Amino acid sequence: MRLPFSKKWLGLALAVLVIAVPLALRAKSAGDGKPVEMVTLARQAIRPTILASGTLAYRTEVALTAEVTAKVKEILVAEGDDVKAGQLLLRLDPESYRNAIEREQASLRQNGIGIERQTVALELRRKQFDRTSKLFEARMIDQSRYDEDRNQLQLAEVELKSSREALTRANTVLADAREQLGKTEVRAPLAGRVVALPIKVGETAIPSTMSFAGAQLMTIADTSTIQAELKVDEGDIAKISTGQSVDLFAAAYPQQALKGRVEKVALAPTVENQARAYKVTVTLASTDGLKLRSGMSCRAEIYLGDGKLRLAAPVEAVISEDKDGKTTRRYLVLVRDGKADKVEVQLGLSDDKWQEIVKGAKAGDSLVSGPGRTLRELKQGERLSQQTAEDKQASKPKGEAT
């Protein structure tokens, strides 16, 4: 008869345990405070960066184009050859330009003969007018005869003057023809190396800057120095200035950072597919042992800060709140006497890890850095405790790997 009574009390005891244990644990948890991740506010090295892409280019590179139209008669260098300034590189067929010189020389001689003839005629007209003047003074001829001889003298003077101007013009045309002949010999404008030679003997060179066949003869560059030409979005260009440090990664060496500095920032943008970007030129400190080529693609990290130590908090510890739709305020949750103290702060520079705190907190302050959801839900004055490994494991979503 006592056995059923024992089962009854055992069932009641189990029910009490089921209800009491969670309540006791919750009370203990409430007494210890909400578990959070805490860090100490300290000075950190902040180096914000802007990512950009571009291409490598030799610092000094000249694309030679033809200045006259003619067939290529002879090429005296090969791609990869080193050349000196003034060295003859290529000859175009000069025959048509030599013929032009001979034609202009004949025209020049003809003008000279014409001037001699008009000089003799002018002298004759002058003597004839002198006789006419004496006869007119003696009233032996009328006014019309006098005016006619005077006009003939003036006309002869004008014709001689015109012939002399024609002679000057012929000399100019001849000089131009000789200059055109000189342009059939292409010489190196600087010392360097032939890095491109797209034209061949027998092809026709044409004077053009467009990408037509025959427009480009060859490219010469000083291969001892190379630079990067980056495209920076218009939204970031205001942050770029000369002298900033750059880590450059060439396509051929994606894991090796090449050190450089910003040398020039373009004032005018380039527009591609309605997107605006500005060219930023970066000089490289050293490329020893690296086989870099002009036109090679590259990516870059442009450092905006100087890397000095600044008072900083983890970026995930900063809370942003939009008050009135126009202004956004930033906060940190500090830990004071074991309780949450939400304080407004003024921010400075930031990078992927750290956010500079300019005003509102000081070095040594303890602050809450996570978990993110808990951080956003904390209330002013709420009790806090340091999160343990068990708390972290319990806060993970179900099914997440440990």
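The values are calculated or read from the model by the stated rules, or taken from the named source; none is laboratory data. Because the structure is predicted, anything quoted here is derived from the model rather than measured. Glycine also receives a Cβ, built like all others from the backbone with ideal geometry; neighbour counts cover every protein chain displayed. Ligands, DNA and RNA are stripped out before the accessible areas are found, and what is left, the full protein with its side chains, is counted by its heavy atoms. Shrake-Rupley method; radii C 1.70, N 1.55, O 1.52, S 1.80 Å.
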Is any helix in the chain, taking whole DSSP H runs, at least 30 angstrom long along its axis by alpha carbon and on average at least 1.0 on the Kyte-Doolittle scale, and which ones? none
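Would you mind getting me the FRET efficiency between SER297 and LEU347? Use the beta-carbon distance for r and R0 = 30 Å, nearest 0.05. Intermediate results must be reported in sequence, preceding the final value.
Details: r = 35 Å, r/R0 = 1.17.
Step by step, r from the Cβ atoms, then E = 0.30.
Within 9 Å, Cβ to Cβ, of SER320, how many net charges do the neighbouring residues add up to if Lys/Arg are +1 and Asp/Glu are -1? Working shown, then result.
Numbers: positive: ARG329, ARG330; negative: GLU321, ASP322.
Charge balance in the 9 Å sphere: 0.
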Charge dipole of the chain built from unit charges on the beta carbon (Lys, Arg +1; Asp, Glu -1), centred at mean Cα; most positive-end Cα among GLY112, ALA138, LEU349 is LEU349
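Using a 1.4 Å probe, what is the accessible area per residue for the chain, in Å²? Walk me through the numbers on the way to the answer.
On the way: 25670 Å² over 402 residues.
Per-residue accessible area for the chain comes out at 64 Å².
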Exposure ranking of VAL39, VAL246 by accessible area [1.4 Å probe, largest first]: VAL39, VAL246
Which log10 I(q)/I(0) values, to two decimals, does the range 93-183 give at q = 0.10, 0.12, 0.23, 0.25 Å⁻¹ under the Debye formula with one point per Cα? -0.43, -0.53, -1.00, -1.08
Net charge over other residues, Cβ less than 14 angstrom from the Cβ of ARG150 (K, R count +1; D, E count -1): -1
Out of these labelled values of mean projected area of the Cα convex hull in nm², (i) 44.9; (ii) 19.9; (iii) 26.6, which was calculated from the coordinates shown here? (i)
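Among the listed pairs LYS183/LYS279; LYS342/LYS362; LYS323/LYS379, which are separated by more than 23 Å between their Cα atoms? Before the final figure, lay out each step's value.
Values: LYS183/LYS279 34 Å; LYS342/LYS362 14 Å; LYS323/LYS379 17 Å.
Where the Cα-Cα span goes over 23 Å, the pairs concerned are LYS183/LYS279.
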Please report the spacing between the Cα centers of the range 340-385 and the range 300-331 in Å, no decimals. 11 Å
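About its Cα centre, how strong a charge dipole does the chain have in debye, to the nearest 20, once Lys and Arg get +1 and Asp and Glu get -1 at the Cβ? Present the calculation step by step, with values, prior to reporting the outcome.
Working: 62 positive and 54 negative charges, 414 e Å.
Dipole about the Cα centre, nearest 20: 1980 debye.
Summing Lys, Arg as +1 and Asp, Glu as -1, what charge do residues with Cβ under 13 Å from the Cβ of THR55 carry, THR55 excluded?
On the way: positive: LYS231, LYS279, ARG293, ARG299; negative: GLU61, GLU229.
Local charge sum for THR55: +2.
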By accessible area of protein heavy atoms, probe 1.4 Å, what ranking do SER208, SER144 get, highest first? SER144, SER208
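Only Lys, Arg, Asp and Glu count, each charged at its Cβ (+1, +1, -1, -1), so figure out the dipole size of the range 93-183 about its Cα centre, rounded to 20 debye.
Details: 17 positive and 17 negative charges, 56 e Å.
The calculation lands at about 260 debye.
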Could you name the aspartates and glutamates in cross-link range of LYS353, using Cα to Cα under 19 Å and dropping any fewer than eight places away on the same chain? GLU37, ASP247, GLU301, ASP306, GLU316, ASP365
Share of carbon and sulfur in the accessible heavy-atom surface of the chain [1.4 Å probe, %]: 51 percent
Hey, if you put +1 on the Cβ of every Lys and Arg and -1 on every Asp and Glu Cβ in the chain, which of GLN128, GLN87, LEU378 ends up farthest toward the positive end of that dipole? LEU378
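Given DSSP loops and a limit of at most 12 other Cβ atoms within 10 Å, what is the longest stretch of the chain that contains no such trypsin sites (Lys or Arg not before Pro)?
Counting at most 12 other Cβ atoms within 10 Å as exposed, the longest clean stretch of the chain is 201-290.
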